[in-house]
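J.: Here it is, the structure in full.
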Amino acid sequence: MKDEMPNLPKTLSFKMPAEASPLGYRVKPKKTLLSVERLRKSFAKGESAAVERVSIDLGEGEMLALLGPSGCGKTTTLRMIGGFETPDEGRITLRGRDITHLPPEARGIGFVFQDYALFPHLNVLDNVKFGLRKLPRAQAESRARDMLALVGLEALGARKPHELSGGQQQRVALARTLAVAPPLVLLDEPFSNLDAAMRVETRQEVRKLLKEAGSAAILVTHDQEEAMAVADRIAVMEKGRVLQIGTPDEIYRNPVSAFVASFMGRSNILTGTASGMEVKTEFGTLPLSRAANGAVSLSVRPEQIMLEPDPEGPASVVGREFRGHDQLYWVQEGERCMLVISGAGAMIDVGARVRLRICDCVVPLS
Ligand code: ATP
């Protein structure tokens with residue numbers, strides 16, 4: 001759950017209001033900071049493009065995650081925005097200024113690299129001061145100390161980077177980037193060098209710091225949980241293209257394709273015949289989250305399925321994973337194996353006969 005909106009209830013309906021999500025994330029950016037229009041990049045003639053027709057609008061202060069599997073073009077997109085790679089086609093504007101062909105240092109964009117890229121011979125304070133060389137010395141010193149205080153490391157200014165933990169190094173890198181108050185910060189897999197517990201803690205800190213500094217950010221990740229945890233919106237990419245952009249819950253609840261449904265969490269893909277807001281399936285006639293007609297593929301989340309023990313039931317439990325707060329079941333019905341998540345109530349044994357009931361709107365996929 002994000003820092004600025006604790007204790008919000010989870011809604012039960014899977015239908016999305018048009019303008020705002022039930023969890024209250026901002027759907028449309030208030031004021032556009034960055035516009036990326038139809039970017040294309042190919043590294044080798046005759047090969048398919050690494051990035052193809054990617055268009056993204058980012059609002060002032062907004063955090064966007066570029067999410068997708070390895071090799072889908074996330075880093076190349078980020079590097080084109082940062083000026084480290086030249087697009088073959090397309091246009092990038094920042095606050096209305098065309099920056100497509102400007103060198104990185106002329107764009108006014110901050111970049112936090114995967115390995116933090118701290119100078120090993122400089123102490124923490126001097127690392128942060130590095131980007132402030134144009135300021136008078138006293139002013140640079142004061143600004144750098146303020147930034148270290150912002151990231152909670154004011155006591156460690158005299159240490160060298162190797163004397164810090166991974167999470168602390170990450171915060172120094174962020175302090176150095178934020179010191180020059182960039183309107184936009186680009187982060188390439190910024191948490192990949194941290195262990196699991198540190199990742200969770202650090203990603204919330206980084207989000208908080210960026211929000212406090214008022215900087216927008218684009219974060220590259222292949223971890224859907226990370227994207228959902230930190231981003232206001234997510235752009236899901238596959239094979240160089242953006243398949244869907246939306247708030248985390250919008251994408252989770254209304255994925256446009258089987259790929260998005262399966263990449264953003266787990267999903268069962270069914271088929272059916274749709275007619276408006278209903279669809280006929282092997283599980284009966286079900287409500288749809290959006291209108292569709294004719295033969296459709298459908299996404300059903302594991303938590304949308306109820307498992308009822310029934311000795312006469314047509315399905316049987318073939319696998320179970322105990323997860324503490326809930327349980328994950330694999331249930332075989334005929335040729336089909338369905339994933340079901342059920343609350344931490346009475347456990348159903350592997351081998352038990354059951355009946356499956358879908359208890360919510362299902363999502364038609366394109
Ligand atoms: P990962 O999560 O593994 O970093 P990614 O989604 O960031 O992957 P990119 O690094 O953008 O993907 O790569 C997209 C495609 O472009 C890949 O097929 C990659 O091999 C190719 N590619 C990236 N950089 C270069 C390069 N400098 N020269 C040639 N091919 C490249």
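J.: Among the residues of the stretch 339-354, what is the count of those that are charged (D, E, K, R) and surrounded by 16 or more Cβ atoms within 10 Å (Cβ to Cβ)? Before you say what the answer is, go through the steps one by one.
T.: Keep residues of the stretch 339-354 that are charged (D, E, K, R), which gives 349, 353.
Cutting the leftovers down to surrounded by 16 or more Cβ atoms within 10 Å (Cβ to Cβ) gives us none.
Count: 0.
J.: Only one of (1) under 27 Å from E60 (Cβ atoms); (2) touching a Leu at 6+ places or on another chain (Cβ under 7 Å); (3) of a type in the set (S, T, N, Q) fails for T177. Which number is that?
T.: With respect to (1) under 27 Å from E60 (Cβ atoms); (2) touching a Leu at 6+ places or on another chain (Cβ under 7 Å); (3) of a type in the set (S, T, N, Q), T177 is out only on (2).
J.: Given the structure, is R207 charged (D, E, K, R), surrounded by 21 or more Cβ atoms within 10 Å (Cβ to Cβ) and assigned by TED's automatic domain parsing to the domain that holds A227?
T.: Numbers: charged (D, E, K, R): yes; surrounded by 21 or more Cβ atoms within 10 Å (Cβ to Cβ): no; assigned by TED's automatic domain parsing to the domain that holds A227: yes.
Taking the combined requirement at face value, the residue does not satisfy it.
J.: Okay, next question. Find all pairs meeting these conditions: Cβ atoms under 6 angstrom apart; at least six residues apart or on different chains; first residue within the stretch 63-89 and in the same structural domain as E238 (by TED's automatic domain parsing); second residue within 11 Å of the ligand (Cβ to nearest atom) and among the basic types (K, R).
T.: L66/K74; G68/K74; T76/K41; E85/R79; P87/K41; D88/K41
J.: Could I ask something else about it? Filter the stretch 225-273 down to the residues that are over 26 Å from T32 (Cβ atoms) and crowded, with 21+ Cβ neighbours inside 10 Å, then identify the one that is farthest from the ligand (Cβ to nearest atom). Don't jump to the end; show me each part of the working.
T.: Our first condition is that a residue be over 26 Å from T32 (Cβ atoms); within the stretch 225-273, this holds for 225, 239, 257-259, 261-263, 265-273.
From what's left, crowded, with 21+ Cβ neighbours inside 10 Å: 261, 263, 267-268, 272.
On the way: A261: 19, F263: 12, S267: 21, N268: 27, G272: 33 Å.
Taking the candidates together, the pick is G272.
J.: Any idea which of H222, H162 is open to solvent by 40 Å² or more (accessible area, probe 1.4 Å) and within 16 Å of the ligand (Cβ to nearest atom)?
T.: Details: H162 fails: within 16 Å of the ligand (Cβ to nearest atom).
H222 is the lone residue from the list that is open to solvent by 40 Å² or more (accessible area, probe 1.4 Å) and within 16 Å of the ligand (Cβ to nearest atom).
J.: Follow-up. Please tell me if G345 is out of contact with any His (no Cβ under 6 Å at 6 or more places or on another chain), among the small types (G, A, S), part of a loop (DSSP other than H, G, I, E, B) and modelled with pLDDT under 90. Steps first, please.
T.: On the way: out of contact with any His (no Cβ under 6 Å at 6 or more places or on another chain): yes; among the small types (G, A, S): yes; part of a loop (DSSP other than H, G, I, E, B): yes; modelled with pLDDT under 90: yes.
Spelling it out, G345 is indeed out of contact with any His (no Cβ under 6 Å at 6 or more places or on another chain), among the small types (G, A, S), part of a loop (DSSP other than H, G, I, E, B) and modelled with pLDDT under 90.
J.: If I ask for residues that are under 19 Å from F259 (Cα atoms) and open to solvent by less than 40 Å² (accessible area, probe 1.4 Å), which ones from the stretch 48-68 would you list?
T.: Those that are under 19 Å from F259 (Cα atoms) and open to solvent by less than 40 Å² (accessible area, probe 1.4 Å): A50, V51, E52, V54, A65, L66, L67, G68.
J.: As an exercise: evaluate A49 against (1) in contact with a strand residue (DSSP E or B) (Cβ under 6 Å, 6 or more places away or on another chain); (2) at pLDDT below 50; (3) of a type outside the set (K, R) and give the number of the one condition it does not meet.
T.: All conditions are met except number (2).
J.: Moving to a separate point now. Determine whether V185 is open to solvent by 50 Å² or more (accessible area, probe 1.4 Å), more than 14 Å from the chain's Cα centre (by Cα) and of a type in the set (V, I, T). Lay out the reasoning, then the answer.
T.: Numbers: open to solvent by 50 Å² or more (accessible area, probe 1.4 Å): no; more than 14 Å from the chain's Cα centre (by Cα): yes; of a type in the set (V, I, T): yes.
No; evaluated as a whole, the condition is false for this residue.
J.: Being part of a helix (DSSP H, G or I), surrounded by 22 or more Cβ atoms within 10 Å (Cβ to Cβ) and touching a residue at least 40 places away in the same chain (Cβ under 8 Å) narrows it down to one of L148, L174, so name that one.
T.: On the way: L148 fails: touching a residue at least 40 places away in the same chain (Cβ under 8 Å).
Unique residue meeting the criteria: L174.
J.: Looking at (1) touching a Lys or Arg at 6+ places or on another chain (Cβ under 7 Å); (2) within 15 Å of the ligand (Cβ to nearest atom), which one does A144 not meet, given that it meets all the others?
T.: So the condition that A144 fails would be (2).
J.: Separate question: Going through R301, R336 one at a time, which residue ends up being assigned by TED's automatic domain parsing to the domain that holds G284, out of contact with any strand residue (DSSP E or B) (no Cβ under 6 Å at 6 or more places or on another chain), within 19 Å of L286 (Cα to Cα) and open to solvent by less than 60 Å² (accessible area, probe 1.4 Å)? Give the derivation first.
T.: Details: R336 fails: open to solvent by less than 60 Å² (accessible area, probe 1.4 Å).
None of the other options fit; the residue is R301.
J.: I'd like the full set of residues that are open to solvent by less than 30 Å² (accessible area, probe 1.4 Å) and modelled with pLDDT under 95, limited to the stretch 320-333.
T.: Within the stretch 320-333, the subset open to solvent by less than 30 Å² (accessible area, probe 1.4 Å) is 326-329, 331.
Result: D326, Q327, L328.
The values are calculated or read from the model by the stated rules, or taken from the named source; none is laboratory data. This one's a predicted model, so the numbers in the text were calculated from it and none came from an experiment. Here Cβ is always computed from backbone atoms with ideal geometry, including for glycine, and neighbour counts include all displayed protein chains. Please note that ligands, DNA and RNA were not included when accessible areas were found on the heavy atoms of the full protein model with its side chains. Shrake-Rupley method; radii C 1.70, N 1.55, O 1.52, S 1.80 Å.
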